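Just below is one structure, and these are the notes that go with it.
The values are calculated or read from the model by the stated rules, or taken from the named source; none is laboratory data. Predicted model only: the values in this text are computed from it and were never measured. Because the Cβ atoms are built from the backbone with ideal geometry, glycine has one as well, and the counts that use them run over all protein chains shown. Accessible surface is based on the protein model in full, side chains and every heavy atom, while ligands, DNA and RNA are left aside. Shrake-Rupley method; radii C 1.70, N 1.55, O 1.52, S 1.80 Å.
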Amino acid sequence: MAAGRDLEVGMAGTAVVVGAGVGGLATATGLRRAGWTVTVRERRTSLERYGTAFGIHPTAQAALDRLGVGEALRRHAVPYRRADIRTPDGRVRARLPLERIEKKGGRPELLISRPYLIDALLAGLETFGDVPVTFGENVTDVAALAAEHDLVVGADGIRSAVRTGVLGTRSAPRDTGTVAWIGIADFESDVHGETWGSGCFFGMTPVEPGRTNWYATVPAATTADELRPYFEGWHDPIPRILAETDPAGWIRYEMRHLYPALPSFVSLSAGAGRGRTGAAPAGAFALVGDAAHAMTPHLGQGACTAILDADSLTRAVGAHGPSGLPAALRAYDAERRRSAQRVAFGSRTLHRFVSTRRTALRDALVSLLP
Ligand SMILES: Cc1cc2nc3c(=O)[nH]c(=O)nc-3n(C[C@H](O)[C@H](O)[C@H](O)COP(=O)(O)OP(=O)(O)OC[C@H]3O[C@@H](n4cnc5c(N)ncnc54)[C@H](O)[C@@H]3O)c2cc1C
């Protein structure tokens, strides 16, 4: 609990969430459901309604159900049931484990485009009467926020000001030497999955009817003009997707991850400010989503892990009550840190495996997959 701020037992607390991305909006919804007074500070001047499709794993769907936004999610999401790993000439090497995910989770993986997921989360917040987001606020002074609120949540992405303000700069975004290009084509492909080449790969998934979500990774220096030649001669419909979509609509995505992994997702201190002593600033802080464990997109878990963090943190805060904030933060860290960091490690390992130029060895290993 923030130094100098005492909560009366039974009264809900006040929280400020920094960042109105997937993690921030989900956290704000969960805190409101727990009865807290919440404001969200977002540095952009409005919610960005762009982005391609996110895979939503059954565990993240269950978390969205608990946050009260499962129905809104399902209104626009499509199931992802069959996808193969192919060679550039179109031979199927293996199948992505979607059937196993469905069997284990009791429901299929879903795909939803980012704008619809943001809408679903906003709808969740609107059920409480208003959307408490202040736009155009680039948060820099986290100690000042902590002095005014019982809990500060850093949901401010890979370059998190809350993370550096509380935990310093030892963990920072690291380049992987590759970029992802992502987009949506205006026709529906019946081929889904990933095609792995030498040092680059191309993926296609369903999204809304009549459209195809695609993503490609290539070496970092590649410009939009240089993207198409990488995939010349690859199987259908990859060249068609790149030929028929306007590069103006493609998004270039730096592939970075947070390294080294954080020693904690939370901080609770009555100490003096970091600037003066090197200690964490006074107050109660929690990090969620990319701020806590930004990862490469290879396992498709960026949005899922942010949602799971939000659900876990806000359940813990709700269960322990405002006077139990220290226990709630410890419970959140225990439930999420190792699990999210394992996913981030797996994603980084898959990145290396997929991006290798030693394709003969990689493809032989892939062929051994069940
Ligand atoms: C506009 C946008 C489009 C995206 N599109 C895709 C996509 O198509 N495919 C994909 O795989 N991933 C995409 N991502 C990334 C993906 O959303 C995240 O990796 C994942 O969902 C985790 O979300 P997050 O909420 O932790 O972080 P983010 O989604 O990065 O959200 C962080 C939010 O915090 C805000 N913020 C940052 N610093 C401050 C500050 N100092 N003060 C106040 N606010 C701050 C940012 O403006 C942003 O809105 C996108 C992210 C954004 C912001």
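Values as computed for the structure displayed
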item: Amide H partners (placed H, <5 Å) of GLY197, local residues excluded; result: PHE202
item: Length released on extending from PHE128 to THR45, taking residue separation times 0.36 nm less the Cα-Cα span; result: 27.6 nm
item: For region 9-141: relative contact order, % (alpha-carbon pairs under 8 angstrom, 6 or more apart); result: 35 percent
item: Linear extension gain, ARG174 paired with LEU368, 0.36 nm per residue minus alpha-carbon span; result: 66.7 nm
item: Overall Cα dimensions of region 269-370 - principal axes, largest extent first, Å; result: 57, 35, 17
item: Residue-normalised accessible area of region 17-130, given per residue in Å² at a 1.4 Å probe; result: 45 Å²
item: ³J(HN,Hα) computed for each position of region 53-59 - Karplus, 6.51 cos²θ - 1.76 cosθ + 1.60, integer Hz, glycine/proline x; result: 7, 10, x, 10, 5, x, 5
item: Virtual spin-label span in nm between ALA144 and ALA248, 7 Å along Cα→Cβ; result: 4.0 nm
item: The chain, relative contact order [Cα under 8 Å, separation at least 6], %; result: 24 percent
item: Acute angle (nearest 10 degrees) that the helix 325-355 long axis makes with the longest principal axis of the chain, alpha-carbon atoms; result: 20 degrees
item: Extended-chain gain in nm, criterion 0.36 nm per residue less alpha-carbon gap, GLU232 and ALA327; result: 28.6 nm
item: Contact order relative to length of region 116-187, as percent, for alpha carbon pairs under 8 angstrom and 6 or more apart; result: 19 percent
item: Degrees separating the helix 22-33 axis from the principal Cα axis of the chain, which is the longest one; result: 40 degrees
item: Three-way shape label, region 14-367, alpha-carbon gyration tensor, a/c 1.5; result: prolate
item: Accessible area (Å², 1.4 Å probe, nearest 10) - LEU368; result: 140 Å²
item: Whole-Å distance, taken between Cα centres, linking region 59-131 and region 177-224; result: 18 Å
item: Protection proxy ranking, peptides 338-346, 202-210, average beta carbon neighbours within 10 Å, highest first; result: 202-210, 338-346
item: Residue among ALA94, ALA77, THR59 farthest towards the positive dipole end of the chain, charges placed on Cβ; result: ALA94
item: For region 127-132, 3J(HN,Hα) per residue [Karplus equation, 6.51 cos²θ - 1.76 cosθ + 1.60, θ = phi - 60°, Hz, x = Gly/Pro]; result: 5, 8, x, 8, 10, x
item: 3J(HN,Hα) from dihedral phi, region 231-245, Karplus parametrisation 6.51/-1.76/1.60, rounded to Hz, x for glycine, proline; result: 10, 4, x, 6, 5, 5, x, 4, x, 5, 4, 6, 6, 9, 9
item: Solvent-accessible area of HIS192 with every protein chain in place, 1.4 Å probe, in Å² to the nearest 10; result: 40 Å²
item: Region 1-132, accessible surface, carbon-and-sulfur percent (1.4 angstrom probe); result: 49 percent
item: Cα long-axis angle, helix 114-126 against the chain (0 to 90 degrees, to the nearest 10); result: 30 degrees
item: Region 59-118: GluC sites (Glu not before Pro) in DSSP loop, at most 11 other beta carbons within 10 Å; result: none
item: Solvent-accessible area of SER269 with every protein chain in place, 1.4 Å probe, in Å² to the nearest 10; result: 30 Å²
